[in-house]
1. Taking a 25 Å limit on the Cα-Cα distance, which of the listed pairs K101/K131; K89/K129; K74/K131; K68/K123 fall beyond it?
2. Using the Karplus equation 6.51 cos²θ - 1.76 cosθ + 1.60 (θ = phi - 60°), what ³J(HN,Hα) coupling, rounded to whole Hz, does each residue of segment 145-153 give in order, writing x for Gly and Pro?
3. Could you give each residue of segment 98-115 its phi-based ³J(HN,Hα) in whole Hz, using Karplus coefficients 6.51, -1.76, 1.60 with θ = phi - 60°, and x for Gly or Pro?
4. What are the residues whose amide H is under 5 Å from the amide H of F161, where those residues sit 5 or more places off or on another chain and H is modelled from the backbone?
5. Aspartates and glutamates near K141 by alpha-carbon distance under 16 Å, same-chain residues fewer than 8 away left out - which ones?
6. Report the full-extension gain for the segment K101 to D154: residue separation times 0.36 nm, less the Cα-Cα distance, to one decimal in nm.
7. How big is the accessible area of F82 in square angstrom, nearest 10, if you roll a 1.4 angstrom probe over the protein chains?
8. Could you list which residues have their amide H under 5 Å from that of L115, counting only those 5 or more apart in sequence or on another chain, with H placed in the peptide plane?
Amino acid sequence: MKPFTFSRVFLSILFFSSIGFALSCTPRPDQHGMGGRDNLKPPGVQAMVDTSMNWADMDHDQRLQFMKQVVMPKMRAEFAGFDPNQYGKINCMTCHGDGAKDGTFTMPNPKLYKLPNNADGFKALMNDKPKIFGFMAQTVKPEMASMLHMAQFDPATHTGFGCGNCHTTE
């Protein structure tokens with residue numbers, strides 16, 4: 001019996017690792033029961049999303065990938081930077097609530113903080129909660145609008161991405 005040498009151990013590890021990788025890259029049925037090109041990657045690796053696409057042009061699966069790969073990393077960092085104690089561990093439920101549970105991801109989310117439905121109410125909110133109001137107005141709203149390739153909300157035309165895309169009013 002030959003003693004194990006470093007090279008034999010190394011070659012054994014390399015051999016078995018390559019078999020495991022090869023098996024993990026074997027095409028698997030996609031949601032339609034057919035092997036697809038996206039199935040030729042190791043488990044846990046997702047196809048990169050096309051960040052140049054407009055939100056309105058994406059299908060449900062593209063939107064999910066976009067949220068996972070683009071929005072969550074960016075917003076998780078922004079919110080954690082703003083208040084790590086309160087927002088250090090945000091996830092899909094933080095913004096989408098029950099919609100994250102049932103897979104619809106419906107927005108606006110009625111369980112988020114309810115916003116006033118008039119200018120006087122917004123002024124009062126801005127005075128009452130200036131830190132979070134400023135963060136939402138100066139960071140969250142413009143960043144989200146930019147990532148989604150949307151204009152920011154314009155009160156004159158009532159179009160664009162704004163508070164009402166996430167929050168309901170009272």
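1. In this structure, K101/K131; K68/K123 lie more than 25 Å apart at Cα.
2. 4, 5, 4, 8, 6, 10, 6, 6, 3
3. 4, x, 6, 5, 8, x, 8, 6, 4, 10, x, 9, x, 8, 6, 3, 7, 9
4. A151, Q152, F153
5. E78, D154
6. Working: separation 53, 0.36 × 53 = 19.08 nm, distance 3.17 nm.
Roughly 15.9 nm would be gained on extension.
7. Here the residue's solvent-accessible area equals roughly 40 Å².
8. Under 5 Å from the amide H of L115 lie the amide H atoms of T168, T169, E170, each far enough along the sequence or on another chain.
The values are calculated or read from the model by the stated rules, or taken from the named source; none is laboratory data. Just so it is clear, the structure is predicted and the values come from calculations on it, not from any experiment. Accessible surface is based on the protein model in full, side chains and every heavy atom, while ligands, DNA and RNA are left aside. Shrake-Rupley method; radii C 1.70, N 1.55, O 1.52, S 1.80 Å.
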